[in-house]
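Data block below; observations after.
The values are calculated or read from the model by the stated rules, or taken from the named source; none is laboratory data. Here the structure is a predicted model, which is why all the values come from computation and not from measurement. Ideal geometry is used to build each Cβ from the backbone, glycine not excepted, and the neighbour counts take in all protein chains shown.
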2 protein chains.
Amino acid sequence: MSILISARSRLLSDQDWPGYRLVIRAPLRLDCGIDFGPFTIAYQTYGTLNEDRSNAILVCHALTGDQYAADPHPITGKPGWWETMVGPGQVLDTERYFLICANVLGGCMGTTGPQEINPASGEPWALSFPVITIRDMVRAQKLLLDHLEIDSLFCVIGGSMGAMQVLEWAASYPEAVFAAVPIAGAARHSAQNIAFHEVGRQAIMADPEWCGGRYLSLDRKPVRGLAVARMAAHITYLSEAALHRKFGRNLQDRLAVTYGFDADFQVESYLRHQGSTFVDRFDANSYLYITRAMDYFDLAAEHGGSLPAAFEGTRSRFCIISFTSDWLFPTSESREVVHALNAAAANVSFVEIATDNGHDAFLLQEPELFETLRGFLNGCAEHRGLARSR
Amino acid sequence: MSILISARSRLLSDQDWPGYRLVIRAPLRLDCGIDFGPFTIAYQTYGTLNEDRSNAILVCHALTGDQYAADPHPITGKPGWWETMVGPGQVLDTERYFLICANVLGGCMGTTGPQEINPASGEPWALSFPVITIRDMVRAQKLLLDHLEIDSLFCVIGGSMGAMQVLEWAASYPEAVFAAVPIAGAARHSAQNIAFHEVGRQAIMADPEWCGGRYLSLDRKPVRGLAVARMAAHITYLSEAALHRKFGRNLQDRLAVTYGFDADFQVESYLRHQGSTFVDRFDANSYLYITRAMDYFDLAAEHGGSLPAAFEGTRSRFCIISFTSDWLFPTSESREVVHALNAAAANVSFVEIATDNGHDAFLLQEPELFETLRGFLNGCAEHRGLARSR
């Protein structure tokens with residue numbers, strides 16, 4: 001291939017964040033028509049690549065996730081976002097598999113995004129950053145896999161926007177995907193989800209500190225708008241039942257309502273906390289770009305309007321997972337993917353897991369999710385000729 | 001009673017808004033403990049009160065509604081919010097019934113709210129306005145009914161926050177309520193709904209034009225924050241199915257996405273329009289106060305934690321109505337009210353109407369809703385000895 005890739009090197013970013021950086025020097029043609037580059041991909045790995053290079057799992061993160069799936073987050077110090085799933089003896093067993101997790105293109109944890117410097121101007125990209133798509137993110141990941149000399153991934157797995165990337169991988173590079181596990185995802189973003197994203201974007205853009213996107217150059221930060229965007233989104237990640245179970249109408253550190261606008265209720269206090277902590281670790285413009293990428297995702301549209309066509313001739317093994325209480329990516333969306341895969345005569349399992357944890361269930365302790373994945377991955381590993389972990 | 005009420009007078013407000021104004025001179029004891037007054041109640045009537053004063057229906061409006069149920073809105077010029085329901089020969093037949101609809105306490109269409117002048121300071125009340133409750137709104141309405149010399153309402157009816165007022169009426173003044181119709185409501189605001197309200201309030205308060213609530217005194221207006229609050233709320237009034245049916249992923253006046261942050265999708269354009277038109281007719285501080293009143297609503301808590309106790313000994317006839325696709329006030333909330341009414345041995349009908357119109361169904365053309373209400377009201381009218389309309 002014609003793309004030059006720099007030598008793999010372990011380095012610390014300006015912010016001393018741990019992990020790998022890969023610089024892609026030759027331009028990448030994006031869906032918007034722009035040839036983009038050079039750019040950096042920041043990624044983490046867990047476990048060891050076997051001699052056959054056949055045990056690699058690509059973990060795709062969600063909207064506000066990053067490459068630190070199983071390391072402490074370098075800004076917040078909190079555990080990795082998928083420590084429930086990744087580790088020795090865990091479902092994604094780091095003693096058996098080689099895991100790769102890369103910050104998406106447009107992200108804000110080391111991979112090039114709107115907060116990085118645009119070499120042409122010497123200023124942060126801000127809104128001069130090109131609008132990227134889920135397919136562009138996957139194209140960038142493919143360059144990383146080429147660099148790692150992994151021709152065939154044992155598995156591509158992810159939840160939410162991660163599931164979109166999994167489906168895009170299976171459609172764009174079927175020969176490189178032995179198994180695909182999209183969790184709590186969809187083949188296209190729904191009108192309601194676009195609407196919620198638009199509310200978040202408007203909240204950010206309404207903040208005068210956003211300054212038309214140029215806040216970094218001006219040493220400002222639209223923290224209030226970004227916090228409101230996060231609060232609105234966070235509600236959609238939960239379920240009414242979970243909110244009722246966790247908070248109900250319980251009051252926060254008081255015996256009676258105060259007849260005011262303080263956070264009387266625990267759920268208000270919780271939501272404010274979600275908003276205020278989020279702004280420490282996430283870039284507002286990245287939020288705009290990544291939500292836009294999700295809005296634009298429509299796998300059928302990329303294949304002449306036919307979702308089965310996206311999977312034509314696929315030999316990958318699919319395990320589609322949804323959650324009963326997920327109203328952001330409801331089971332009906334997963335079922336459409338299953339129908340399309342069946343129409344394409346694909347090898348597909350479909351599991352709807354009963355839980356009241358809502359969309360966020362993929363990040364939580366869900367025994368049925370773990371059991372399902374363990375069984376599916378063990379079956380795939382057997383077919384792939386990988387040693388059983390235990 | 002000890003409260004002085006001014007003579008009824010038809011007048012035009014400063015803004016030349018049509019309708020009645022009643023000034024309550026003696027203070028009203030609010031739930032927060034403040035004796036509030038004097039204050040104004042702005043209201044509309046439709047139809048004619050009969051000689052027995054037995055055909056009056058009180059229509060209670062929702063969060064962003066007002067007294068113009070069946071008149072053109074004086075600011076927007078749009079039809080009244082319940083013209084589907086109110087009029088000659090309609091379900092709420094103005095040839096048969098005498099309808100009263102009053103702007104709620106804390107509102108912004110003539111009834112005293114945070115945008116009116118605080119006589120003590122000569123400035124708009126802003127955040128010095130007391131935090132009011134649904135019960136306070138109902139207490140104010142009771143004063144209006146006393147003024148109109150209507151001891152017993154034929155019916156109290158309303159949707160959403162209107163339904164909360166209906167339930168409060170039935171609990172606080174059972175002898176004054178012959179029939180009660182809470183539509184798409186609940187006996188308490190859920191954690192998820194408090195959360196959505198909190199997002200809206202934070203969006204308003206994050207707008208620097210809000211100025212700690214003092215925007216009117218400073219000749220400013222938090223239009224962007226209020227628009228974001230409206231956008232977030234508006235999504236919750238619809239259903240995923242309705243959004244999909246109406247908009248899907250259709251593009252707005254373009255053939256392809258623009259790879260930018262314009263309103264590419266129809267649903268974005270629609271939502272922006274909802275936000276930008278709302279700010280012309282609604283006061284941001286009113287939005288804070290009225291959402292807070294809904295958050296605080298918990299009818300069981302007002303009765304020692306027992307919802308049946310709220311309705312003990314009631315002789316009112318209840319018709320509880322919910323909509324299958326309403327996820328803001330789901331059927332389960334109405335069912336709790338029905339259970340409590342049954343426990344209190346009340347006369348209760350319960351109808352869940354199949355529709356994909358979501359929470360807003362009560363404002364729309366819903367033939368089954370109309371049929372249900374017509375049947376229920378005709379039955380009640382017969383028991384009340386009112387003449388059949390046709």
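Quick test for you: out of A:SER334, A:SER322, pick the one residue that is polar (S, T, N, Q), touching a residue at least 24 places away in the same chain (Cβ under 8 Å), buried (at least 21 other Cβ atoms within 10 Å of the Cβ) and assigned to a helix (DSSP H, G or I).
Checking each option against the conditions leaves just A:SER334.
Listed residues A:ALA232, A:ALA171; which is in a helix (DSSP H, G or I), buried (at least 23 other Cβ atoms within 10 Å of the Cβ) and within 11 Å of chain B (Cβ to nearest Cβ)?
One residue alone meets the criteria, A:ALA232.
Within the range A:146-168, how many residues turn out to be in a strand (DSSP E or B), closer than 19 Å to A:THR291 by Cα and either out of contact with any Cys (no Cβ under 6 Å at 6 or more places or on another chain) or at pLDDT below 95 (or both)?
1
Filter the range B:132-168 down to the residues that are within 30 Å of A:THR258 (Cα to Cα) and in contact with a Ser or Thr (Cβ under 7 Å, 6 or more places away or on another chain), then identify the one that is surrounded by the fewest Cβ atoms within 10 Å (Cβ to Cβ).
B:ARG135
Considering only residues of the range A:61-97 that are closer than 18 Å to A:ILE290 by Cβ and of a type in the set (Gly, Ala, Ser), which is surrounded by the most Cβ atoms within 10 Å (Cβ to Cβ)?
The qualifying residue surrounded by the most Cβ atoms within 10 Å (Cβ to Cβ) is A:ALA62.
Would the range A:299-314 turn up any residue that is away from chain B (no Cβ under 14 Å), at positive phi and of a type in the set (Gly, Ala, Ser)?
yes
Report, ordered by the first and then the second residue, all pairs with beta carbons closer than 7 Å, sequence separation of six or more or different chains, a first member in the range A:176-193 that is within 16 Å of A:GLN141 (Cα to Cα), and a second member that is of a type in the set (D, E, K, R) and surrounded by 24 or more Cβ atoms within 10 Å (Cβ to Cβ).
Between residues of the range A:176-193 that are within 16 Å of A:GLN141 (Cα to Cα) and residues that are of a type in the set (D, E, K, R) and surrounded by 24 or more Cβ atoms within 10 Å (Cβ to Cβ), there is no close pair.
Looking at (1) at pLDDT 95 or above; (2) aliphatic (A, V, I, L, M); (3) under 21 Å from B:PRO38 (Cβ atoms), find the lone condition where B:ALA171 falls short.
Every condition holds for B:ALA171 apart from (3).
Got a sec? Which of B:GLY275, B:GLY248 is at positive phi, in contact with a helix residue (DSSP H, G or I) (Cβ under 8 Å, 6 or more places away or on another chain), at the interface with chain A (Cβ under 10 Å from one of its Cβ atoms) and at pLDDT 95 or above?
B:GLY248
Scan the range B:122-145 for residues that are of a type in the set (Ser, Thr, Tyr) and part of a loop (DSSP other than H, G, I, E, B) and jot them down.
B:THR133
Which numbered condition in (1) more than 9 Å from chain B (Cβ to nearest Cβ); (2) touching a Gly at 6+ places or on another chain (Cβ under 8 Å) is the only one that A:ALA203 fails?
(1)
For the range A:57-107, which positions are among the polar types (S, T, N, Q) and closer than 27 Å to A:ARG384 by Cα?
Those that are among the polar types (S, T, N, Q) and closer than 27 Å to A:ARG384 by Cα: A:GLN67, A:THR84, A:GLN90, A:THR94.
Quick check on B:MET161: is it away from every other protein chain (no Cβ under 14 Å) and within 29 Å of B:GLU352 (Cα to Cα)?
yes
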